[in-house]
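Here's the structure, in structure tokens; my notes come after.
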Amino acid sequence: MMIRGKGGGDGRGPVTVEIEGVTEPAMFRDLAKALDALWVSLRALPLGSYQYEAYKDFFGPDAAERVAEFLERDGRLDLSFSMSGRSHLVRVHRAKKAAA
């Protein structure tokens, strides 16, 4: 797994989340709800135990504060994983427009 941050931002406001090649980008007003949605999607994937535990730390219960720190510092959080011989990115970043 690779962790990469880019950009700026304070981690407040709506966020967009996506699992590249698995889910379409989705916008949420609430970071905790966005992370819950990611965790539901990730749990359904055939991840290895190491990947599962790592993603549980980032997107499982009580993870919003940890991810908010990345968003405040870097403006985004990108995590990568391999599945079926292909690399995928899990992206969390500040939304460019307000969520509905």
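The values are calculated or read from the model by the stated rules, or taken from the named source; none is laboratory data. Just so it is clear, the model here is predicted, and its values are computed rather than measured. No Cβ is skipped: glycine too gets one built from the backbone with ideal geometry, and neighbour counts run over all protein chains shown.
Couple of notes before you dig in:
- Matching option when the condition is of a type in the set (D, E, K, R) and at pLDDT below 95, among 91, 66: 66
- Residue that is modelled with the lowest pLDDT, among those in the range 71-88 that are within 22 Å of residue 21 (Cβ to Cβ) and under 13 Å from the mean Cα position of the chain (by Cα): 81
- Subset tally (residues that are within 22 Å of residue 84 (Cα to Cα) and exposed (fewer than 11 other Cβ atoms within 10 Å of the Cβ)) for the range 37-73: 5
- Residue match in the range 40-51 (condition: within 11 Å of residue 17 (Cβ to Cβ) and touching a strand residue (DSSP E or B) at 6+ places or on another chain (Cβ under 9 Å)): yes
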